[in-house]
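Data block below; observations after.
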Amino acid sequence: MLLEGKRVLITGAASGIGRATAIRFAAEGAQVTIGDRNVAGLEETAAMMACAPILQPFDAADFDSCRKLVDVAAKDGLDVLCNIAGMLKWGRSEDFPLEDFELLLKINTSSVFALCQAALPYLVKTKGNIVNTASTAALQGIAYTIAYSASKHGVAAITKGLAIEFASRGVRVNAICPGHVDTPMTRDTAPPEGVDWALVMRNAPKLLDGACAPEDIAELFAFLGSDRARKITGALFTVDGGQLAG
């Protein structure tokens, strides 16, 4: 199997892309630790997996909680870290709350660095790898999601910088940039009233039925986390139904 025996930590595993990725990694033989603040969601995910994972609730806004999650996952070593936990909020820039801007950066960007920082000593030992979740919003301006876009640009920068810094120590670092994915986060978060829909829809997928399913993203997580991607580092991969094609 693709990930037989790999020790893997997956955040945001209570739903959406994180859940699909946890299920995919377990199906490929990985030993998985799943983290999220939604304990009930973690339990639901665990029931769907081919082998029982370790469940560790954590709060991405709490750096001590991030470090504890890594310590639990890496008790017997760590091969792969998948940073998937995150949040989205739309809003007009002229009245977007600065407190929400700060929270998005903390959860989507600072926590990713905190988790990477805690995991890297273990990954150096195993010549492991990190797969982060950026977004098409890290590669193109998207109206009404300025805080989210800024946070994902930060993830792209973290990914490339760590890839350069740790390449000589055998650690790979990559990121996936999903477009629109049908998840609870995207279904439950809508643009505010009065937006210019032409600006929003210019970033629509181009393929027929172009919106992605979480499983589409999980497939790439599994490949990048595996030894088949051993020569890939510092790369950003779009899975967006042609959203950024033009």
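The values are calculated or read from the model by the stated rules, or taken from the named source; none is laboratory data. These figures come from a predicted structure and were not determined experimentally. Note that each Cβ is placed from the backbone with ideal geometry, even for glycine, and that neighbours are counted across all protein chains shown.
Couple of notes before you dig in:
- Yes/no for residue 122 being surrounded by 14 or more Cβ atoms within 10 Å (Cβ to Cβ), of a type in the set (Phe, Trp, Tyr) and modelled with pLDDT under 95: no
Yes/no per residue for (1) outside any helix (DSSP H, G or I); (2) in contact with a Gly (Cβ under 9 Å, 6 or more places away or on another chain); (3) under 17 Å from residue 174 (Cβ atoms):
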| residue | (1), (2), (3) |
| --- | --- |
| 87 | yes, no, no |
| 90 | yes, no, no |
| 103 | no, no, no |
| 107 | no, yes, no |
| 111 | no, yes, no |
| 118 | no, no, no |
| 123 | no, yes, yes |
| 132 | yes, no, yes |
| 140 | yes, no, no |
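- Residues of the stretch 6-16 that are among the aliphatic types (A, V, I, L, M) and either assigned to a loop (DSSP other than H, G, I, E, B) or farther than 20 Å from residue 114 by Cβ (or both): 13, 14.
- Residue within the stretch 164-172 that is on the phi > 0 side of the Ramachandran plot and assigned to a loop (DSSP other than H, G, I, E, B) present: yes
- Applying the criterion of being part of a loop (DSSP other than H, G, I, E, B) and in contact with a helix residue (DSSP H, G or I) (Cβ under 8 Å, 6 or more places away or on another chain) to the residues of the stretch 61-76, the residue that is farthest from residue 116 (Cα to Cα) is 61.
- Filtered by the rule that a residue be under 24 Å from residue 111 (Cα atoms), of a type outside the set (Val, Ile, Thr) and assigned to a helix (DSSP H, G or I), the stretch 45-60 gives a lone residue, 46.
- Tally, over the stretch 208-246, of residues that are surrounded by fewer than 19 Cβ atoms within 10 Å (Cβ to Cβ), acidic (Asp, Glu) and touching a His at 6+ places or on another chain (Cβ under 8 Å): 0
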